Amino acid sequence: MGVPPPLVLSQVDFVSRNPFNKHLLRLDATPPPEWGERFSLQGAFKQSLLSPDKGKWSDWNGEIYANLKIDVSHLSRYIQFSRQFGRGVGQMQAWVSLRKAAWTQFTTDLVLSEVDATLGKGLEPLALQSMSGRFFGKQIKSGFEFATQNLKFQTQDG
């Protein structure tokens with residue numbers, strides 16, 4: 001996989017507030033039409049009062065919130081997933097908790113149509129007319145824990 005092309009966003013609005021040891025960030029932007037609709041990313045982070053380097057974002061702890069109406073197939077060019085998403089169009093809301101700039105847990109609400117994904121090596125692609133539900137994940141000492149809630153899907157043949 002080579003270097004992906006630059007993602008050109010328009011109507012970009014960015015706000016950064018940094019009271020005391022907090023960092024409050026918000027980015028609203030419009031992607032190219034084939035990607036989806038205008039989206040919002042928000043972050044609320046804290047930095048230790050005793051941090052030796054006040055500008056070092058890798059010391060930050062907090063949460064990121066994303067609200068996207070998007071074709072998820074474009075994300076795989078920019079974000080490494082453990083599974084391959086060929087297609088999926090719809091709405092996604094995600095909350096990701098970070099500690100020392102590494103994710104510790106996430107919650108994602110998805111409502112997608114035209115889903116095409118490969119969930120593992122040697123497995124047939126998963127093709128669905130639609131899929132919705134809440135997905136949870138968190139890092140644990142022995143690896144990773146994953147769960148779903150209200151998972152609903154409709155296969156291609158109904």
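State whether the residues of the stretch 124-147 include one that is closer than 25 Å to Pro4 by Cα and exposed (fewer than 14 other Cβ atoms within 10 Å of the Cβ).
yes
Give me a count of the residues in the stretch 87-114 that are farther than 20 Å from Leu128 by Cα, more than 14 Å from the chain's Cα centre (by Cα) and open to solvent by less than 80 Å² (accessible area, probe 1.4 Å).
1
Taking the stretch 1-31 as the region of interest, how many residues are part of a loop (DSSP other than H, G, I, E, B) and closer than 21 Å to Gln93 by Cβ? Let's see the steps before the verdict.
First, the residues of the stretch 1-31 that are part of a loop (DSSP other than H, G, I, E, B): 1-9, 18-21, 31.
Next cut, closer than 21 Å to Gln93 by Cβ only: 7, 9, 31.
Here the count works out to 3.
Is there a residue in the stretch 24-39 that is modelled with pLDDT under 85, in contact with a strand residue (DSSP E or B) (Cβ under 9 Å, 6 or more places away or on another chain) and open to solvent by less than 60 Å² (accessible area, probe 1.4 Å)? Lay out the reasoning, then the answer.
Applying the first criterion (modelled with pLDDT under 85) to the stretch 24-39 yields none.
No, the stretch 24-39 contains no residue that is modelled with pLDDT under 85, in contact with a strand residue (DSSP E or B) (Cβ under 9 Å, 6 or more places away or on another chain) and open to solvent by less than 60 Å² (accessible area, probe 1.4 Å).
Can you pull out every residue in the stretch 43-70 that is modelled with pLDDT of 85 or more and more than 25 Å from Glu145 (Cα to Cα)?
Lys46, Lys69, listed by residue number.
Within the stretch 127-150, track down each residue that is more than 21 Å from Leu68 (Cβ to Cβ) and in a strand (DSSP E or B). Outline the logic, then answer.
Let us first name the residues in the stretch 127-150 that are more than 21 Å from Leu68 (Cβ to Cβ), namely 127, 138-145, 147.
Residues satisfying the conditions are Ala127, Lys138, Gln139, Ile140, Gly143, Phe144, Glu145, Ala147.
The values are calculated or read from the model by the stated rules, or taken from the named source; none is laboratory data. The structure presented is a predicted model; accordingly, all values stated were derived computationally and were not measured. Cβ atoms come from the backbone with ideal geometry, glycine included; neighbour counts cover every protein chain shown. These area figures cover heavy atoms from the full protein model, side chains too; ligands, DNA and RNA do not enter into them. Shrake-Rupley method; radii C 1.70, N 1.55, O 1.52, S 1.80 Å.
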